[in-house]
Amino acid sequence: QGRAQPEAATAAAIGAELEQELLDVSDKYNTAIHDLVSKLPGVNSKNLRSLLNKGQSLDHLLKLTKEELSSLVNNGTEAQSLYDALHKVYQPSQDSGPSSRGGRGGKFRDKEKSAMFGPLTFPHQNLKSNTLLKFDDGLDELSCCLLCDEKFCLTTQHEEMLLHLFNQHHLVIGDVNLIASMKSYLAYWRIRLASYPLTDFCSTVLMDTKPDGTSSKDEKFYLLADILPEDRLLREGLQQKRLEWVLRKQAEERDDHSFSRGCLFCRQEFTGSRAEYINHLSQQHNLQLGRPENLVFTDELLDTIKHKLDSLLCLFCGKLFKDRTVLKEHMRKKIHKRINPDNKLYDKFYIVNYLEMGKDWQQVQKEPDEFEMSRKGNASESEDHSDWSDWQDEESPSSAVVKLVNYIRGQVHRLCCMVCDKEHSSRQSLLIHMETSQHFTMPHSKQWDQPEYYFPTYEDDSFLCFLDNMADTDTIESTVRNLDEYDIL
């Protein structure tokens, strides 16, 4: 709709460049620094390489102005986010009362004193984090810090816990949003770190500043991430447990016949089967939620959709309308009677998003199908065993003439002789040369019998349409002789 069409060559070049960059990461950069910088607010895949290449050190980044950071990341908004993360610190207000979230997360206020990351504010991670349910959600028991006896309620004090680890213990947990159960994760590492020092499991980063911004030579910070095989195995084990939990929930919904609900669009009532209800929405009202066997937490999904419709919000674009009639007409005309696949709010309702750690349905969809690859492999093997020794590629006279005509037209367009390839300054000079040199003859096949001359020199060349009428002769030479009556030059 008014936008330029993508170019295959440009896309392929970009893909090849990114692939090569990924292969060179481990060789060009310190992996611990790479992981740490990539998690800073304002840093993304587009500007990470620029920061790592142009930033001399983390201490150097702390000394840059907003304008200098903006020139590094090529985006004013991202530069502002990164600058605030590096220089602002937030502390609980002294005159505010206890927070309604449990006492440790009161109101925050800016402090003039510079700090390294502030509290390493995590809004950047939250924007990218998924909405998948954790299999211990709803458990409000307090969880202990990895390295001390401080306790947090993970359902309400998740960020406060991460902030505590950074400020008090200089510890950062990588890719927190990919951990299927933070409660189990913390419990495991608390036991392990009780017997071994952090340096046995974490990457160490040396910096010349403390979390509060004060100078300190070679201050140590630690990164706990899945680059450690033990941590990777732990995360994969928790992911597997969550998948098993989700599958049990789906089986319970499938076997539950106490379901009862009225249709979102008509007055029909349904009892017993959620699958029948979903199929009714699809077939009778064209509301596409996916196949019932791919859904989980169906009741919550239907409640979410009902709430949006009752609030007069479009399910796909989220636009607000004045009444239900206008909303229904908008969704019908715009084909918005479906949920937006890019809206992460709905990810938790689809089984495919729980299959592999860190992969959503879009990434899984891009992976090649193993059955198709196997089928194609078997087909290619059978073709390899076929006997092609008797195959002869016989080109028809008409195809050869097409190449010859396109070659002659191309040479004349470039003012070059079709026999000797000599270049001339004008068309008249070229014709005089060909006549005096007797070059109005058939050029050698090595000159024109090339695949590139299958393509016409001039777009929509009407002369090529007449070649079919002259293609009934036996040889190329006889066909060429018939061209004398036409001015192909």
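List the trypsin sites (Lys or Arg not before Pro) within region 243-324 that DSSP assigns to loop and that have no more than 16 neighbouring Cβ atoms inside 10 Å.
Arg267, Lys319, Lys322
Stretch Lys334-Asn279 to full length: gain in nm at 0.36 nm per residue minus the Cα-Cα span? Please report the intermediate quantities before stating the final value.
Details: separation 55, 0.36 × 55 = 19.80 nm, distance 2.16 nm.
Result for the pair: 17.6 nm of gain on full extension.
Can you give me the distance in nm between label points at Cys144 and Ile432, each placed 7 Å from the Cα along the Cα-to-Cβ direction?
A separation of 10.2 nm, rounded to one decimal place.
Using a 1.4 Å probe, how large is the accessible area of Thr199, given in Å² and rounded to the nearest 10?
Around 80 Å² of this residue is reachable by solvent.
Solvent-accessible area per residue for region 142-232 at a 1.4 Å probe radius, Å²?
Numbers: 3990 Å² over 91 residues.
Each residue of region 142-232 exposes 44 Å² on average to a 1.4 Å probe.
First measure r as the distance between the Cβ atoms of Asn294 and Arg267, then evaluate 1/(1 + (r/R0)^6) with R0 = 25 Å and state the FRET efficiency to the nearest 0.05.
For Asn294 and Arg267, the calculated efficiency is 0.35.
Using 0.36 nm per residue, how much length does the chain from Ser38 to His439 gain when fully extended, once their Cα-Cα distance is taken away?
So the extension gain works out to 137.7 nm.
Provide the per residue accessible area, probe 1.4 Å, for region 256-363, rounded to a whole number of square angstrom.
55
So if each residue of separation counts as 0.36 nm, and I subtract the Cα-Cα distance between Arg248 and Asp310, what length gain in nm does that give?
Contour length minus Cα-Cα distance gives 19.2 nm.
Once R0 is set to 25 Å, what does the formula 1/(1 + (r/R0)^6) return for the Cβ-Cβ distance between Glu356 and Lys46, expressed as a FRET efficiency to the nearest 0.05?
The formula returns an efficiency of 0.50 here.
For a Förster distance of 30 Å, can you work out the FRET efficiency between the beta-carbons of Thr199 and Arg232, rounded to the nearest 0.05?
Given R0 = 30 Å and the Cβ-Cβ separation, E is 0.95.
Read phi for every residue in region 52-69 and hand back ³J(HN,Hα) as whole Hz from Karplus 6.51 cos²θ - 1.76 cosθ + 1.60, θ = phi - 60°, with x for Gly and Pro.
Here the 3J(HN,Hα) series is 5, 7, 9, x, 5, 6, 5, 5, 5, 4, 5, 8, 7, 7, 4, 5, 5, 5 Hz.
The values are calculated or read from the model by the stated rules, or taken from the named source; none is laboratory data. Quick caveat: nothing in here was measured; it's all calculated off a predicted structure. Cβ sites come from the backbone with ideal geometry, for glycine too, and all protein chains shown count toward neighbours. Quick note on the areas: whole protein, heavy atoms, side chains included, nothing else; ligands and nucleic acids left out. Shrake-Rupley method; radii C 1.70, N 1.55, O 1.52, S 1.80 Å.
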